[in-house]
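K.L.:
Quick one: this structure, given as structure tokens, is what I'll be asking you about.
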């Protein structure tokens, strides 16, 4: 960690023993030893004072109304023991108790989330409500004020955040590096690489008159430049002297971004030096996965496209049929459809008969299971939590990482 100089007893003792031995030998010969009647004119060797190094402190800020994000950050904090100390901050939520159960210090800031606000946040996340229902300008302002006071008092080496978007303002206003672990589909780079797919909900004329590749390219460009959640955040950012955010990705991505998927999930091309691929981080057990199975047939299950379910299915080498409930789930499903271990059924067609037909197709073709087993091996190759903890430790010890830019303005998305 930080440079330190600690002298062990075993390094000092031999020097002392040699000194006393030479003195005794000189006395027996009648000679003057270094301590006998003459001054020692040699310059005494300087012995540094032992120091104790305090590990840097990292503040984790999960949106605890989301299980996957809460567990992802808990796993990273646990993997970081010995590299840094950790504490957590959140605004309440149904999964905050897992922080306390894991034994981490937890601070709950105001305004605290009640059940109605959690429902609203989940609806926005799942695109059942408009983005402007996420946080009002007033709520963001309250959050930033509380977060800045906390950061000023604790002075962490870094903040590791997620969907607690106000930290994109407060961390930069306080000059604290912001690090964000994200799934690959939750980064601009996935869409810049052209992996976006036209939404099922927009599959109607006149859009269906256009070719599918053209529609997908248009959608990728649109999402890569998306400005969801930006307007109220920019109002508050200006009040705190933080440069306004151009796109929603400037809110989502930190001064360092950690992609929590294997590189095989998507070919993203060359990435900035501030982006690291750390690998998958488990957030759901096989037993918990079973609780979310929509249907099953001959060793094949039907699941929705929730990321934590898809990761658990991949770990279990379980071929499946997927149903996307929203566009984010569609992107996560597409990763595994492309890998050949899953079949996707459009939500509008996902009745019992259609799901059974799709599961029979997957069960009858051995390639789905072979591909699922190959994907399991890919997931088993890397310890995402340990890699993320190492990347955080490296970031906070690298001098340039502490020169925080208030808001990252990335280059424009290149047209194909």
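K.L.:
Once you have all Cα-Cα distances for the stretch 286-381, histogram them in 10 Å bins from zero and send the whole-percent values.
P.N.:
Reading upward from the zero bin: 18, 56, 25, 1.
K.L.:
Further question on the same structure: What nm value, rounded to one decimal, do you get for the distance between residue 202 and residue 390 when each label is placed 7 Å out toward the C-beta?
P.N.:
4.0
K.L.:
Place a label point 7 angstrom from the Cα of residue 325 along the Cα-to-Cβ direction, then list the residues of the stretch 180-203 whose backbone nitrogen is under 17 Å away.
P.N.:
200-201
K.L.:
If the viscosity is 1.306 mPa s and the temperature 10 °C, what Stokes-Einstein diffusion coefficient in µm²/s follows for the stretch 265-324 when Rh is the Kirkwood radius over Cα pairs? Could you put the intermediate results ahead of the total?
P.N.:
Values: Rh = 13.1 Å.
Diffusion coefficient, whole number: 122 µm²/s.
K.L.:
Right, next: Would you please give the FRET efficiency between residue 53 and residue 271, computed as 1/(1 + (r/R0)^6) with r the Cβ-Cβ distance and R0 = 51 Å, to the nearest 0.05? Mind showing how you got there, number by number?
P.N.:
Working: r = 33 Å, r/R0 = 0.64.
Computed FRET efficiency for residue 53 and residue 271 comes out at 0.95.
K.L.:
Give the residues of the stretch 176-215 whose amide nitrogen is closer than 17 Å to a point set 7 Å from the Cα of residue 264 in the direction of its Cβ.
P.N.:
184
K.L.:
Another question about this same structure. Applying a 10 Å radius around every beta-carbon, put 299-307, 92-100, 319-327 in order of their mean neighbour count, most first.
P.N.:
Details: 299-307: 21.6, 92-100: 17.1, 319-327: 23.7.
Order by mean packing, descending: 319-327, 299-307, 92-100.
K.L.:
Given Cα positions, please report Rg to Rh for the stretch 184-304, the hydrodynamic radius being the Kirkwood one. Intermediate values should be presented prior to the final figure.
P.N.:
Details: Rg = 18.5 Å, Rh = 17.5 Å.
Reported Rg/Rh (Cα atoms, Kirkwood Rh): 1.05.
K.L.:
How far is it, in nm, from the label point at residue 293 to the one at residue 377 when both lie 7 Å from their Cα along the line to the Cβ?
P.N.:
With each label point 7 Å from Cα toward Cβ, the separation is 2.5 nm.
K.L.:
For the stretch 222-290, count the residues as N, evaluate 2.2 N^0.38 Å, and divide the Cα radius of gyration by that value, please.
P.N.:
Numbers: Rg = 16.2 Å, N = 69, 2.2 N^0.38 = 11.0 Å.
Its radius of gyration relative to the 2.2 N^0.38 Å reference: 1.48.
K.L.:
Something else about it: Just grab the label-to-label distance for residue 246 and residue 101, each label 7 Å out from Cα along the Cβ direction, in nm (one decimal).
P.N.:
So the two model labels end up 4.3 nm from each other.
K.L.:
Under 1.5 on a/c is rounded, so check that first for the stretch 93-184, then, if it is not, pick prolate when a/b is larger than b/c and oblate when it is not; a ≥ b ≥ c are the square roots of the alpha carbon gyration tensor eigenvalues.
P.N.:
On the way: a/c = 1.57, a/b = 1.31, b/c = 1.20.
Prolate.
K.L.:
Taking the mean number of other Cβ atoms within 10 Å as a proxy for protection, how do you rank 377-386, 361-370 from highest to lowest? Can you show the working numbers first?
P.N.:
Details: 377-386: 17.2, 361-370: 14.8.
Ranking, from highest mean packing down: 377-386, 361-370.
Read the figures in this text as sums done on the coordinates, not as results from a lab. Just so it is clear, the structure is predicted and the values come from calculations on it, not from any experiment. So basically every Cβ, Gly included, is an ideal-geometry build from the backbone, and we count neighbours across all protein chains shown.
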